[in-house]
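This report concerns only the one structure given below.
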């Protein structure tokens, strides 16, 4: 039994996302890059916690801090993520799918799910930094432009998830 | 699969086939970096070297005597029909498409410098000779070295064979990085 | 060429910045509509019961790919001025493996985690938090892993450049593969009931 309205056609949803990505190319000459937004949040937080000057000298953080605690690119990505959240919220609200819950597999407790979620996020954070992007930044943005590294990412990402799926069964089934 | 899905799939397929078909069919001839260097040295009057990369790349470094043209310029600018045009870019796709563009405008004397600016740097500016080179390789290197010095390049003999530009792309990238550090 | 607007000056920097939440909104909206704000639905992909992730991702990819190709061809968008992500063979393979593991265990990716969190899913919030930790960990380790992270750089190259074929050939190959994939996906979902 599902609450709320049924989901939209995945192909139409995909085409919508593709058009959004195309709009990004046309307006900014760059793509969607969700993980970049996250990375810039970490950079800003680090700059606030240590000192902006010290953080800017760190080679890992400096690309995100060309203007003190931000840079023009990261402004865009962070604002984009804000838009993503609002879009997701409005859509969920209108479809009756908005509710506070810990979504999890049928045999998992809420606590285990949260722990797994944090762990999963951690791996993705590391992976996205190695790969210079995530599913939106590399797979979609770079993939649509036929970037070789993006397709390497797509292949290895899906392969590793599929290979590990049997082991992680308990999480979702 | 609904009718809408089928229609969308058909549209995608049609656009993709058209995309493939729109690429330059038929050969656009190439010119080797050394031949180009030769013609520049000889001050070949009809020669027009055209750089079709973005302006910032051109400003940073370009083949001596080249002019920069955007795709719009290629569509509109008047070039003497007798000119012998050599196009280059960072990647051959772009150069090939520019060449095709000129061909549809009626210019037949258009060739492409394969691997573009990378080839110029690795073959003309920094030609390399392996330690265990054959006589043929030595002869080609002598020609390259002579041309290289004209452009202020740096020929290197006595190099390990593994460091020759067989992977020209990889090597050329390092060469460009090296030039940036030296401040060309 | 009139685009990218940020390069041709059609829109000033304020206009470009203003586009961010708008484009993000469309992105988030479509993700949620497609059901990708739900970790259970997303992970159905890896158990072959619900292939929505594949369908959404690749229809998005093909749409943007064909759109970009033809806007460039028609002289509207200069693809030469669009940022092409650089290729680092080994780091991106490692990144893909790590990311795939995290995606499976977490059930959401960065974009969908935002959507999930916005829709009230606390696990979405947890994934987002985990991501921030993962990035911070990477930054802390950066000095040690830097040589690995910056290894095997090929620069901004495309599959078609590496293969020595025209861009349009790659566009056709990917479109055909995606369409075949969609047909296969339907078949698999029907077989699984």
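The values are calculated or read from the model by the stated rules, or taken from the named source; none is laboratory data. Quick caveat: nothing in here was measured; it's all calculated off a predicted structure. Because the Cβ atoms are built from the backbone with ideal geometry, glycine has one as well, and the counts that use them run over all protein chains shown.
Considering only residues that are without any contact (Cβ under 8 Å) to a residue 60 or more places away in the chain and assigned to a helix (DSSP H, G or I), look in segment B:94-115 and name the one that is nearest to residue B:155 (Cα to Cα).
Among them, the one singled out is B:95.
Scan segment A:7-25 and give yes if some residue there is assigned to a loop (DSSP other than H, G, I, E, B) and in contact with a helix residue (DSSP H, G or I) (Cβ under 6 Å, 6 or more places away or on another chain), otherwise no. Show your work before the answer.
Looking only at segment A:7-25, we keep the residues that are assigned to a loop (DSSP other than H, G, I, E, B), and these are A:7-9.
Checking the rest, the ones that are also in contact with a helix residue (DSSP H, G or I) (Cβ under 6 Å, 6 or more places away or on another chain) come to A:8.
Yes, because at least one residue in segment A:7-25 is assigned to a loop (DSSP other than H, G, I, E, B) and in contact with a helix residue (DSSP H, G or I) (Cβ under 6 Å, 6 or more places away or on another chain).
Mind checking whether some residue in segment A:116-133 is in a loop (DSSP other than H, G, I, E, B), at the interface with another protein chain (Cβ under 7 Å from one of its Cβ atoms) and closer than 18 Å to residue A:37 by Cβ? Give the derivation first.
Step one: of segment A:116-133, the residues in a loop (DSSP other than H, G, I, E, B) are A:132-133.
When the remaining residues are screened for being at the interface with another protein chain (Cβ under 7 Å from one of its Cβ atoms), the result is A:132-133.
From what's left, closer than 18 Å to residue A:37 by Cβ: A:132-133.
Yes, segment A:116-133 contains at least one residue that is in a loop (DSSP other than H, G, I, E, B), at the interface with another protein chain (Cβ under 7 Å from one of its Cβ atoms) and closer than 18 Å to residue A:37 by Cβ.
Please verify whether residue B:56 is outside the structural domain of residue B:146 (by TED's automatic domain parsing), surrounded by fewer than 13 Cβ atoms within 10 Å (Cβ to Cβ) and assigned to a helix (DSSP H, G or I), treating the condition exactly as stated.
Details: outside the structural domain of residue B:146 (by TED's automatic domain parsing): yes; surrounded by fewer than 13 Cβ atoms within 10 Å (Cβ to Cβ): yes; assigned to a helix (DSSP H, G or I): yes.
Spelling it out, residue B:56 is indeed outside the structural domain of residue B:146 (by TED's automatic domain parsing), surrounded by fewer than 13 Cβ atoms within 10 Å (Cβ to Cβ) and assigned to a helix (DSSP H, G or I).
Identify the residue in segment C:1-10 that is buried (at least 18 other Cβ atoms within 10 Å of the Cβ) and assigned to a loop (DSSP other than H, G, I, E, B) and, among all such residues, is farthest from the other protein chains (Cβ to nearest Cβ).
C:1
Conditions: (1) closer than 30 Å to residue B:75 by Cβ; (2) surrounded by fewer than 24 Cβ atoms within 10 Å (Cβ to Cβ); (3) at the interface with chain A (Cβ under 7 Å from one of its Cβ atoms). Residue C:65 meets all but one. Number of the miss?
Of the numbered conditions (1) closer than 30 Å to residue B:75 by Cβ; (2) surrounded by fewer than 24 Cβ atoms within 10 Å (Cβ to Cβ); (3) at the interface with chain A (Cβ under 7 Å from one of its Cβ atoms), the odd one out for residue C:65 is (2).
For residue C:18, only one of the following conditions fails: (1) under 20 Å from residue A:157 (Cβ atoms); (2) surrounded by fewer than 23 Cβ atoms within 10 Å (Cβ to Cβ); (3) more than 7 Å from chain A (Cβ to nearest Cβ). What is its number?
(1)
What number of residues within segment C:46-62 satisfy the criterion of being under 17 Å from the mean Cα position of the chain (by Cα) and more than 8 Å from chain A (Cβ to nearest Cβ)? Give the derivation first.
Start the filter on segment C:46-62 by keeping residues that are under 17 Å from the mean Cα position of the chain (by Cα), which leaves C:51-62.
Checking the rest, the ones that are also more than 8 Å from chain A (Cβ to nearest Cβ) come to C:51, C:53-54.
Total meeting the criteria: 3.
Give the residues of segment C:73-112 that are in a helix (DSSP H, G or I) and more than 7 Å from every other protein chain (Cβ to nearest Cβ), sorted by residue number. Steps first, please.
Looking only at segment C:73-112, we keep the residues that are in a helix (DSSP H, G or I), and these are C:73, C:79-81, C:89-106, C:110-112.
Once the filter is applied, which keeps residues that are in a helix (DSSP H, G or I) and more than 7 Å from every other protein chain (Cβ to nearest Cβ), segment C:73-112 yields C:79, C:90, C:112.
Is it the case that segment A:115-130 has a residue that's crowded, with 24+ Cβ neighbours inside 10 Å and over 16 Å from residue C:138 (Cβ atoms)?
yes
Could you tell me how many of the residues in segment A:1-42 are at positive phi, touching a residue at least 12 places away in the same chain (Cβ under 8 Å) and either facing chain C (nearest Cβ under 7 Å) or surrounded by 23 or more Cβ atoms within 10 Å (Cβ to Cβ) (or both)?
Number of matching residues: 1.
Inside segment C:114-140, can you point out the residues that are more than 7 Å from chain A (Cβ to nearest Cβ) and either at pLDDT below 95 or surrounded by 24 or more Cβ atoms within 10 Å (Cβ to Cβ) (or both)?
C:116, C:124, C:140
Looking only at segment C:21-43, filter to residues that are in a helix (DSSP H, G or I) and more than 7 Å from every other protein chain (Cβ to nearest Cβ); which one of those is farthest from residue A:158 (Cα to Cα)?
Pass one, segment C:21-43, residues in a helix (DSSP H, G or I): C:21-33, C:39-43.
Filter once more, so that each one left must be more than 7 Å from every other protein chain (Cβ to nearest Cβ): C:41-42.
Values: C:41: 16, C:42: 13 Å.
My answer is C:41.
So is residue A:113 facing chain C (nearest Cβ under 7 Å) and outside any helix (DSSP H, G or I) or not?
Working: facing chain C (nearest Cβ under 7 Å): yes; outside any helix (DSSP H, G or I): no.
Answer is no for this residue.
Taking residue C:159 as the residue in question, decide whether it is closer than 19 Å to residue C:66 by Cβ and modelled with pLDDT of 95 or more.
In short, no.
Scan segment B:58-92 for residues that are within 11 Å of chain C (Cβ to nearest Cβ) and either under 13 Å from the mean Cα position of the chain (by Cα) or at pLDDT 90 or above (or both) and jot them down.
Scanning segment B:58-92 gives B:89, B:90, B:91, B:92.
Checking the condition more than 9 Å from chain A (Cβ to nearest Cβ), at positive phi and in contact (Cβ under 8 Å) with a residue 40 or more places away in the chain, which residue from C:155, C:181 passes? It would help to see each step written out before you state the result.
Values: C:181 fails: at positive phi.
It is C:155.
Name the residue, out of A:92, A:55, A:48, A:43, that is touching a helix residue (DSSP H, G or I) at 6+ places or on another chain (Cβ under 6 Å) and over 28 Å from residue C:107 (Cα atoms).
Details: A:92 fails: over 28 Å from residue C:107 (Cα atoms); A:48 fails: touching a helix residue (DSSP H, G or I) at 6+ places or on another chain (Cβ under 6 Å); A:43 fails: over 28 Å from residue C:107 (Cα atoms).
A:55 is the lone residue from the list that is touching a helix residue (DSSP H, G or I) at 6+ places or on another chain (Cβ under 6 Å) and over 28 Å from residue C:107 (Cα atoms).
What residue, of C:64, C:68, C:39, C:26, is farther than 25 Å from residue B:18 by Cβ and without any contact (Cβ under 8 Å) to a residue 24 or more places away in the chain?
Values: C:64 fails: farther than 25 Å from residue B:18 by Cβ; C:68 fails: farther than 25 Å from residue B:18 by Cβ; C:39 fails: without any contact (Cβ under 8 Å) to a residue 24 or more places away in the chain.
Selected residue: C:26, the only one of C:64, C:68, C:39, C:26 that is farther than 25 Å from residue B:18 by Cβ and without any contact (Cβ under 8 Å) to a residue 24 or more places away in the chain.
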